[in-house]
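S.K.: I have a structure I would like to understand better, so I am pasting it below and will then ask my questions one at a time.
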Amino acid sequence: MHDIRWIKENQAAFDRAMERRGAEMRSASLVALDEERAATVKAMNDAQAEQKQVSKKIGMAKGKGDEAAAQAALEEVGALKARVKELEERERELAAQLREELLPIPNIMDDDVPEGADEADNKELKSWGTPREIEAARDHVDLGESLRMMDFEAAAKISGSRFVVLKKDLAKLERALATFMLNLHTEEFGYEEVLPPVLTNPESLVGTGQLPKFGEDLFEASDWLLRSAHVAEQTVLKALTAAIKQKDLLTFQAIVDNSNITEDDTKVVDEIYERVTQGGKFTEEDAGKLLEYEFDSEKAFANIFMSEVQFAKSRAKAVSKYREIAPEKWTERTNHFYLTPTAEVTLTNLVRESILSEEELPKRMTAWTQCFRAEAGSAGRDTRGMIRMHQFSKVELVSITTPEKSDEEHERMTGCAEEVLKRLDLPYRTMLLCTGDTGFGAARTYDIEVHLPGQGQYREISSCSNTRAFQARRMNARFRREGEKKPQFVHTLNGSGLAVGRTMVAVLENYQQPDGSIAVPDVLKPLMGKDVIERG
RNA sequence: GGAGGAGUGGCUGAGUGGUCGAAAGCGGCGGUCUUGAAAACCGUUGAGCGUUUGCGCGUUCCGGGGGUUCGAAUCCCUCCUCCUCCGCCA
């Protein structure tokens, strides 16, 4: 998220940055919105100051027993109160609207990020190792299946496409690779190992930028709809009880009559809402009040009615009705989870809404986690093999730094990821992504691509990004400098170190032997307990 | 899942309608004293927003949101989190 004050002071630069992104947003409308907000805040503050002043007078007058003075002040405060409330509401609306407009805006990229449309325009920064010349090189699918240790059919049976089942030494190889990477990052590079939850809430995903714009890429795991529907039913119940209490027999009778309709339960719930919230005596305002009613002796009767609608097949309409009637009671958070697409989300959000001390920085964290991606929109791409899975494991690196250290940290982090490949003796090259290929939240991204003899090309195995303060502002993650009063935003960086599944692909294809067995890379031998993976 | 309890400043903890952003203690910072340190004593010590060249001033924030009231940390509603007991469970 961008700093609106920065946008205001650098409109031309902001607009130019958006153009490079191919985004439509321009500064003018944002600045206008913020100016209106600031004016509203000022008016609100002034009104509040006045109201507070007068209220204090009342307190003092009452303390002295001067009823007449108290009464006079009391009358004075009435108009002020209404004005404050109105301005408060307006301010809240404007602030929310501003945030809503800022959240989908991508980060500003560094000036030296090369112009380009897609990965073909990425710039190679360096390469390491020489791609192996392997005669009649086989790809990892061929190798893995021949070993009888990689089973896509079994995965399709128990889950679906874009999943894989690994067995025996390949299952173990996944574990060995992850262990090797974690050991390297924790023991030699100073990263702290973390084992975070896999399900995350929407706030976290907003913090790192997956939401609100890229929900399609995520798997959801939530019962929010069901839970909310349950609450909606409770509302219906209370409305019915209210009808009873107010002796509104017409409405009540109508509700009961309709309870006989069982084929289309949605319709029943719907109609009840129509009646209770709009029909006859019940206004929208009344509906809000109904929520406060308690029922007692009528409960049993109401329950009989409810038993007929509680199996409503589609509850979406009830939910939306409920949302209209009682928005303040609606919470998106109710058991609303996402399967985490990358540990960048969990690790980075550990510092959300916190103020760190300067000595704690840089804060370096690493985690081996399962990652889940819907891969919506990539139908047909990389359908063969383990390159693009709905579920894969990754060792992630996250650094939290001061603003002046983030560039240096970015290079360091990329070096940590490269070191994994060096020690596995896998040839790679490092790319600076072009404007068209750089992700939403990144100011600058390095991709590391490993050479795959089976495909005869380099493929992405790591992506290291500096988001600068972009995520920190979304998350309100700050630090305080020694001796300074005002906290400021940290910089956040993330990188894969590495994608474990793709590393396995690289190992298989690079270490394959003519007989179809796989030589175990030296650094993995202690972890694998053998020198060769072969069909057993 | 059922029953009950609790959320106050970096920490502990007082405050149950009125000059309360909030007692007290601890911790932190500054000072006095001391050759130095400790102890003692004195002072100081949250965040956001707005405004100001700056000192400052205004306002909001006592888990989140909403409400009652001229006025809310305090009363009401709701959500979240944590704790205890029972049940279930890897």
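The values are calculated or read from the model by the stated rules, or taken from the named source; none is laboratory data. Keep in mind that this is a model prediction, so the values were computed, not measured. Every residue, glycine among them, receives a Cβ derived from its backbone with ideal geometry; neighbour counts consider all protein chains shown. Note: areas computed on protein heavy atoms with side chains; ligands, DNA, RNA excluded. Shrake-Rupley method; radii C 1.70, N 1.55, O 1.52, S 1.80 Å.
S.K.: What is the residue count in the range A:202-219 for residues that are closer than 13 Å to A:Thr342 by Cα and surrounded by fewer than 20 Cβ atoms within 10 Å (Cβ to Cβ)?
M.R.: Total satisfying the criteria: 2.
Each row is one residue, and each column tells you yes or no for (1) open to solvent by 60 Å² or more (accessible area, probe 1.4 Å); (2) modelled with pLDDT under 80; (3) near RNA strand B (Cβ under 8 Å from one of its atoms).
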site: A:Ala69; (1), (2), (3): no, yes, no
site: A:Glu75; (1), (2), (3): yes, yes, no
site: A:Gly78; (1), (2), (3): no, yes, yes
site: A:Lys81; (1), (2), (3): yes, yes, yes
site: A:Ala95; (1), (2), (3): no, no, no
site: A:Asp110; (1), (2), (3): no, no, no
site: A:Leu125; (1), (2), (3): yes, no, no
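S.K.: While we're looking at this one, here's another question. Quick check on this structure: which one of A:Ala176, A:Ala155 is over 17 Å from A:Leu498 (Cβ atoms), open to solvent by less than 20 Å² (accessible area, probe 1.4 Å) and small (Gly, Ala, Ser)? I'd like the intermediate steps shown before the answer.
M.R.: Values: A:Ala176 fails: over 17 Å from A:Leu498 (Cβ atoms).
From the options A:Ala176, A:Ala155, the qualifying one is A:Ala155.
S.K.: Please determine whether any residue of the range A:134-145 is open to solvent by less than 40 Å² (accessible area, probe 1.4 Å), closer than 30 Å to A:Ala417 by Cβ and small (Gly, Ala, Ser).
M.R.: The first filter runs over the range A:134-145 and keeps only residues open to solvent by less than 40 Å² (accessible area, probe 1.4 Å), leaving A:137, A:139-141, A:143-144.
If we keep only those that are closer than 30 Å to A:Ala417 by Cβ too, we end up with A:137, A:139-141, A:143-144.
Filter once more, so that each one left must be small (Gly, Ala, Ser): A:137, A:144.
Among the residues of the range A:134-145, at least one is open to solvent by less than 40 Å² (accessible area, probe 1.4 Å), closer than 30 Å to A:Ala417 by Cβ and small (Gly, Ala, Ser), which makes the answer yes.
S.K.: If you don't mind, there's one more thing I want to ask. Note down all Cβ pairs under 8 Å where the first residue falls in the range A:34-53 and is near RNA strand B (Cβ under 6 Å from one of its atoms), the second is open to solvent by less than 50 Å² (accessible area, probe 1.4 Å) and in a helix (DSSP H, G or I), and they're at least six residues apart or on different chains.
M.R.: A:Val41/A:Glu91; A:Gln48/A:Val84
S.K.: Can you find even one residue in the range A:9-20 that is closer than 21 Å to A:Arg92 by Cα and either within 16 Å of RNA strand B (Cβ to nearest atom) or free of Cβ contacts under 8 Å to residues at least 24 places away in the same chain (or both)?
M.R.: Kept after step one, since they are closer than 21 Å to A:Arg92 by Cα, are these residues of the range A:9-20: none.
Checked against the condition, which is being closer than 21 Å to A:Arg92 by Cα and either within 16 Å of RNA strand B (Cβ to nearest atom) or free of Cβ contacts under 8 Å to residues at least 24 places away in the same chain (or both), the range A:9-20 yields no hits at all.
S.K.: Suppose we filter the range A:442-469 for residues that are more than 16 Å from RNA strand B (Cβ to nearest atom) and within 23 Å of A:Gly207 (Cβ to Cβ); how many remain?
M.R.: Filtering the range A:442-469 down to residues more than 16 Å from RNA strand B (Cβ to nearest atom) leaves A:442-468.
Pick out the ones that are also within 23 Å of A:Gly207 (Cβ to Cβ) and you get A:442-446, A:462-468.
So the answer is 12.
S.K.: Output the residues belonging to the range A:353-386 that are open to solvent by 10 Å² or more (accessible area, probe 1.4 Å) and aliphatic (A, V, I, L, M).
M.R.: Once the filter is applied, which keeps residues that are open to solvent by 10 Å² or more (accessible area, probe 1.4 Å) and aliphatic (A, V, I, L, M), the range A:353-386 yields A:Ile355, A:Leu356, A:Leu361, A:Ala374, A:Ala376, A:Ala379, A:Met386.
S.K.: Report yes if A:Lys422 is surrounded by fewer than 21 Cβ atoms within 10 Å (Cβ to Cβ), at pLDDT 95 or above and assigned by TED's automatic domain parsing to the domain that holds A:Glu360, otherwise no. Outline the logic, then answer.
M.R.: Numbers: surrounded by fewer than 21 Cβ atoms within 10 Å (Cβ to Cβ): yes; at pLDDT 95 or above: yes; assigned by TED's automatic domain parsing to the domain that holds A:Glu360: yes.
Considered against the rule, which asks whether it is surrounded by fewer than 21 Cβ atoms within 10 Å (Cβ to Cβ), at pLDDT 95 or above and assigned by TED's automatic domain parsing to the domain that holds A:Glu360, A:Lys422 comes out as yes.
S.K.: List, please: which pairs have Cβ atoms under 8 Å, are six or more places apart or on different chains, and start with a residue in the range A:517-531 that is farther than 16 Å from A:Ala506 by Cα and end with one that is surrounded by 11 or more Cβ atoms within 10 Å (Cβ to Cβ) and of a type in the set (Val, Ile, Thr)?
M.R.: Partner pairs satisfying both residue conditions: A:Leu527/A:Thr179; A:Met528/A:Val520; A:Lys530/A:Val520; A:Asp531/A:Val520.
S.K.: Pick out, from the range A:449-533, the strands (runs of 3 or more DSSP E) lying fully within it that include 3 or more residues that are open to solvent by less than 50 Å² (accessible area, probe 1.4 Å).
M.R.: Numbers: elements: A:457-468, A:478-480, A:491-499.
Once the strands (runs of 3 or more DSSP E) in the range A:449-533 are filtered for at least 3 residues that are open to solvent by less than 50 Å² (accessible area, probe 1.4 Å), what remains is A:457-468, A:491-499.
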